[in-house]
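The values are calculated or read from the model by the stated rules, or taken from the named source; none is laboratory data. Bear in mind the structure is a predicted one, so any value in this text is a computation, not a measurement. Methodologically, a virtual Cβ is constructed for each residue, glycine included, from the backbone with ideal geometry; neighbour enumeration extends over all protein chains shown.
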Amino acid sequence: MNFLFEIGFLPISLWDVLDVTIVGYLIYRVYLLLRGSIAFNIFLGIVIIYLLWWLVGLLKMDMLSMILSQFVNVGFIIIIIIFQPEVRRFLLLLGKTTLGRRTDVMLRWLTRNIDKKPINELGNLDIKQALLRMSKERTGALIVFSNSFELETISQSGIALDAKISQSLLLSIFQKESPLHDGAVLVGNGKLIAASCILPISDSASLPSQAGLRHRAALGITERSGASAFVVSEETGAISFANGGKIEFAIPESRLSELLG
């Protein structure tokens, strides 16, 4: 094997550099997934246990080493159970970065001659007008956009609609007297797929204390899937946008137009 260089008596090869680079990248991605959440503190606790186990092993502290080894032996299973949402997000991230780009290229090639303006732009205009109207009237709302791969999973918790996107329908759904106003409306494939959908709640510590349940639900679904979401605050009327596990609070109308096209 050809070595690139040596550090003292330790030879370093190209594969060693590649190995360290990949591990460093994976650790960095794990940090990005966990930062700002309670899960990050749990992860630090697990790392500390592993470091203590390694240290007491070096110091030949047999009894303490035996106790800690019980945690280490089932450590992988514990991590999977505790960090199930984060593991899912990590796998989704890998899928989006590998297959996502190739899928986008294929879809653009297949649909390059199809005029997509009539349904998409008219639907987005209705959504925009509905959001602005609900913002003005301080009507709480949560609208989730998702792709076809995630529609079934998210819609199972709600009431099926399969309806054309319209401003009047969205306004009627989120009126306080409506039995469907609690929960999220799911939008996909140019239609209103379902209403009153129950979403996972984010436990992110980065959210301000005034953030309500709708904001936590919007952030929660974007943490666990490739969906994006708009939220209208019932208290302030401000419109917020969540995507990729991040949220923009109180976006102006110009930003709303940019997002909806």
Quiz prompt | Test: Lys176 is surrounded by 14 or more Cβ atoms within 10 Å (Cβ to Cβ) and of a type outside the set (Val, Ile, Thr) | solution = no
Practice problem: Within the range 179-206, work out how many residues are crowded, with 18+ Cβ neighbours inside 10 Å and either of a type in the set (Lys, Arg) or not assigned by TED's automatic domain parsing to the domain that holds Leu219 (or both). | Solution: 0
Quiz prompt | Every residue from the range 213-232 that is free of Cβ contacts under 8 Å to residues at least 60 places away in the same chain and farther than 19 Å from Leu259 by Cβ | solution = Leu213, Arg216, Gly220
Quiz item: Only one of (1) surrounded by fewer than 13 Cβ atoms within 10 Å (Cβ to Cβ); (2) in contact (Cβ under 8 Å) with a residue 12 or more places away in the chain; (3) not basic (Lys, Arg) fails for Ser168. Which number is that?
Solution: (2)
Quiz item: How many residues does the range 3-28 hold that are modelled with pLDDT under 75 and in a helix (DSSP H, G or I)?
Solution: 0
Quiz item: Is it the case that Tyr31 is at pLDDT 75 or above and under 23 Å from the mean Cα position of the chain (by Cα)?
Solution: no
Exercise. May I ask you to list the residues in the range 230-258 that are surrounded by 16 or more Cβ atoms within 10 Å (Cβ to Cβ) and part of a helix (DSSP H, G or I)?
Key: Leu256
Quiz item: Could you give every pair whose Cβ atoms fall below 8 Å, whose first residue belongs to the range 40-69 and is assigned by TED's automatic domain parsing to the domain that holds Arg29 and at pLDDT below 85, and whose second residue is surrounded by 14 or more Cβ atoms within 10 Å (Cβ to Cβ) and not in a helix (DSSP H, G or I), counting only separations of at least 6 or pairs across chains?
Solution: Ile42/Phe83; Phe43/Phe83
